[in-house]
Each structure stands twice: as C-alpha cells, then as structure tokens.
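Q: Please see the structure below; I have some questions.
The values are calculated or read from the model by the stated rules, or taken from the named source; none is laboratory data. The structure presented is a predicted model; accordingly, all values stated were derived computationally and were not measured. For neighbour counting, all protein chains shown are included, and Cβ atoms are generated from backbone atoms with ideal geometry for every residue, glycine included.
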Amino acid sequence: MLEYTKVDGIMIGRGAIGNPFIFKEIVEYLKTGKEPEKVTSEELLKTMIKHINLEIEEKGEYTGIREMRKHLAYYTKGLKNGSRIRNAVNIIDNKEELINTLTEYFEMNTNK
C-alpha cells in the first residue's frame, strides 16, 4: 500500500498501545518484506518491567503502580490466562509484588 499510494509516512496510533514492538516490526518488514518474528515472552516481560520502573521513577510508586494497571491490561491482552493476570495486577499496590506476580505468570504460562 505504501508503494501504491506513494505516501511519505504512516500513522500507528492505538496499535502501539500494549505493543511498543510495533515500530521495530514495521521497520523490519519494510526492510525485508517478511513478517517479523513474534516477540518472546521473555522480551515482553522485560519490557513490562522496564515500563513499570520508568513509570515509578516518573510518578512515584503509589501513582505509578496504579497507572501501570491500564498498560498491563494492554500488554496482556490475548495472552493465555490474560484475564487472570489482569485481575491479579489490579489489586497489587507495590512494585516488588507486581514484578513477582508478572514473573510467576510468565514462568507458568511460557512453553519451554
């Protein structure tokens, strides 16, 4: 479609919510013409933890944890037992417990 329309750019918008990898995937597709590899569970968890740390650094633990809940809902959309992890993180109010809960979830739900 880019070649057909000759546009200079594309808008991502909501596609990036819960999927910050979309930018890398688009660049890879445009360079190679091939579907990019799916993000691994390890990479997703690492990104979620980094996002949690940045949010807490910016807004403090109390506000940061509460604001992360909506982001974590997007990150976990479509994952196996995603509703369970969303329910769990929505009642957590400290960083250590949040990261431990997410780590346990990925350890239990990742095919090794």
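Q: If I filter segment 52-74 down to residues being without any contact (Cβ under 8 Å) to a residue 40 or more places away in the chain and of a type in the set (Ser, Thr, Tyr), which single residue comes out as nearest to ASN94 (Cα to Cα)?
A: Top of the filtered list is TYR62.
Q: Any residue in segment 1-15 that's over 14 Å from ILE26 (Cα atoms): show its pairings with residues that are among the charged types (D, E, K, R) and not in a helix (DSSP H, G or I) at Cβ separation under 6 Å, as long as the two are six or more apart or on different chains.
A: none
Q: Being in a helix (DSSP H, G or I) and either farther than 20 Å from ARG14 by Cα or modelled with pLDDT of 95 or more (or both): is that true of LYS31 here? Walk me through how you get there before you give the answer.
A: Details: in a helix (DSSP H, G or I): yes; either farther than 20 Å from ARG14 by Cα or modelled with pLDDT of 95 or more (or both): yes.
The answer is yes for LYS31.
Q: What number of residues in segment 65-98 are assigned to a helix (DSSP H, G or I), exposed (fewer than 14 other Cβ atoms within 10 Å of the Cβ) and among the aliphatic types (A, V, I, L, M)?
A: 0
Q: Would you mind stating whether TYR62 is under 29 Å from ILE99 (Cβ atoms) and either exposed (fewer than 15 other Cβ atoms within 10 Å of the Cβ) or among the charged types (D, E, K, R) (or both)? Even if it seems obvious, please write down each step before you answer.
A: Details: under 29 Å from ILE99 (Cβ atoms): yes; either exposed (fewer than 15 other Cβ atoms within 10 Å of the Cβ) or among the charged types (D, E, K, R) (or both): yes.
Yes: the conditions hold for TYR62.
Q: Next up: Those residues that are surrounded by 12 or more Cβ atoms within 10 Å (Cβ to Cβ) and either part of a loop (DSSP other than H, G, I, E, B) or within 11 Å of the chain's Cα centre (by Cα) (or both), I need them from segment 48-59; list them, please. If you could, list the steps in order and put the result at the bottom.
A: Pass one, segment 48-59, residues surrounded by 12 or more Cβ atoms within 10 Å (Cβ to Cβ): 48-49, 51-56, 59.
Residues satisfying the conditions are MET48, ILE49, HIS51, ILE52.
Q: I'm told LEU45 meets every condition in (1) in contact with a helix residue (DSSP H, G or I) (Cβ under 6 Å, 6 or more places away or on another chain); (2) surrounded by fewer than 10 Cβ atoms within 10 Å (Cβ to Cβ) except one. Can you identify the failing condition by its number?
A: Tallying (1) in contact with a helix residue (DSSP H, G or I) (Cβ under 6 Å, 6 or more places away or on another chain); (2) surrounded by fewer than 10 Cβ atoms within 10 Å (Cβ to Cβ), LEU45 fails exactly one: (2).
Q: Kindly list the number of the only condition in (1) modelled with pLDDT of 95 or more; (2) outside the structural domain of ASN100 (by TED's automatic domain parsing); (3) among the basic types (Lys, Arg) that fails for LYS46.
A: (2)
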